[in-house]
Amino acid sequence: MAKLIRVWDGTTWQSVGTALPNALTTDGTQTLTNKTISGASNTLTNIPNNALTNSSITVNGSAVSLGGSVTIVTGPVSSAVSSNITMAANNNYFVNTSAARTLTLPASPSLGDTIAIYDASGTAATNNITIARNGSNINGVADNAIIDVDQSSSVFVYTGSTLGWRFD
């Protein structure tokens, strides 16, 4: 026996056609396979992530489970410096050279770590920026570096334990 589709017209129920086979009904449940749900207030609940065909997405080459979280690095952090600090890898530092400053390199660098240092005040010749090596070599030498050129910019790249931090 075919199911009829009926619509209430405000006075009586009107038959408008025959229901399709396997159509959804209001008196039970229906398994959805390759179906589209549309409308403004449809909600599916209690579906565990592992029951979904695609239970993860890929972000920067790593799978992230649906409902999970991931930190996306958008680029180096830029910081204004007006005191002595210990720097972090992969950052830009704009140094206020109204006084001499000491910036300490990270204690445990990794190959390819990069740090950029800018004389933001343009007075590094008078108020030097000392780069404390923090146990790593700088240009192959176990000495601190000094930036003493006005308006200079220096990029330090960690190349490994032999040369350590390399910069020009």
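Do we find a residue being surrounded by 15 or more Cβ atoms within 10 Å (Cβ to Cβ), over 32 Å from the mean Cα position of the chain (by Cα) and under 13 Å from N96 (Cβ atoms) anywhere in the stretch 118-125?
yes
Any chance you could count how many residues in the stretch 77-96 are more than 19 Å from D150 (Cβ to Cβ) and exposed (fewer than 15 other Cβ atoms within 10 Å of the Cβ)? Working first, answer last.
Taking the stretch 77-96 as the starting set, the residues that turn out to be more than 19 Å from D150 (Cβ to Cβ) are 77-79, 83-91.
Those left that are additionally exposed (fewer than 15 other Cβ atoms within 10 Å of the Cβ): 77-79, 83-86, 88.
Within the stretch 77-96, residues that are more than 19 Å from D150 (Cβ to Cβ) and exposed (fewer than 15 other Cβ atoms within 10 Å of the Cβ) number 8.
Would you check if L24 is over 30 Å from A145 (Cα atoms), at pLDDT below 65 and surrounded by 11 or more Cβ atoms within 10 Å (Cβ to Cβ)? Step through it out loud before you land on a result.
Working: over 30 Å from A145 (Cα atoms): yes; at pLDDT below 65: yes; surrounded by 11 or more Cβ atoms within 10 Å (Cβ to Cβ): yes.
So L24 passes the test.
Here is a yes/no grid of residues against (1) at pLDDT 95 or above; (2) not small (G, A, S):
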| residue | (1), (2) |
| --- | --- |
| L66 | no, yes |
| A107 | yes, no |
| T123 | yes, yes |
| I129 | yes, yes |
| A132 | yes, no |
| N139 | yes, yes |
| N144 | yes, yes |
| V149 | yes, yes |
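If I go through the stretch 39-59 residue by residue, how many of them are at pLDDT 70 or above and either surrounded by 10 or more Cβ atoms within 10 Å (Cβ to Cβ) or under 30 Å from S152 (Cβ atoms) (or both)?
4
Do we have S62 as surrounded by 10 or more Cβ atoms within 10 Å (Cβ to Cβ), farther than 30 Å from F167 by Cα, within 25 Å of the chain's Cα centre (by Cα) and modelled with pLDDT under 80 here? If you could, list the steps in order and put the result at the bottom.
Numbers: surrounded by 10 or more Cβ atoms within 10 Å (Cβ to Cβ): no; farther than 30 Å from F167 by Cα: yes; within 25 Å of the chain's Cα centre (by Cα): yes; modelled with pLDDT under 80: yes.
Answer is no for this residue.
Counting just the residues of the stretch 141-166 that are part of a loop (DSSP other than H, G, I, E, B) and among the β-branched types (V, I, T), which one comes out surrounded by the most Cβ atoms within 10 Å (Cβ to Cβ)?
T159
Scan the stretch 52-110 for residues that are on the phi > 0 side of the Ramachandran plot and in contact (Cβ under 8 Å) with a residue 12 or more places away in the chain and jot them down. Lay out the reasoning, then the answer.
Our first condition is that a residue be on the phi > 0 side of the Ramachandran plot; within the stretch 52-110, this holds for 60-61, 67, 75, 90.
Listed by number, the residues that qualify are N60, G67, N90.
Give the stretch 79-92 a look and list any residue that's among the polar types (S, T, N, Q) and either assigned to a strand (DSSP E or B) or modelled with pLDDT of 95 or more (or both), or say none. Write out each step before concluding.
From the stretch 79-92, those among the polar types (S, T, N, Q) are 79, 82-84, 86, 90-92; that's our starting set.
Residues satisfying the conditions are S79, S82, S83, N84, T86, N91, N92.
Do the conditions hold for V95, that is, is it modelled with pLDDT of 95 or more, over 22 Å from T74 (Cα atoms) and touching a Leu at 6+ places or on another chain (Cβ under 8 Å)?
Numbers: modelled with pLDDT of 95 or more: yes; over 22 Å from T74 (Cα atoms): yes; touching a Leu at 6+ places or on another chain (Cβ under 8 Å): yes.
Considered against the rule, which asks whether it is modelled with pLDDT of 95 or more, over 22 Å from T74 (Cα atoms) and touching a Leu at 6+ places or on another chain (Cβ under 8 Å), V95 comes out as yes.
The values are calculated or read from the model by the stated rules, or taken from the named source; none is laboratory data. A quick note: this is a predicted structure, and the numbers were derived from the prediction, not measured. For neighbour counting, all protein chains shown are included, and Cβ atoms are generated from backbone atoms with ideal geometry for every residue, glycine included.
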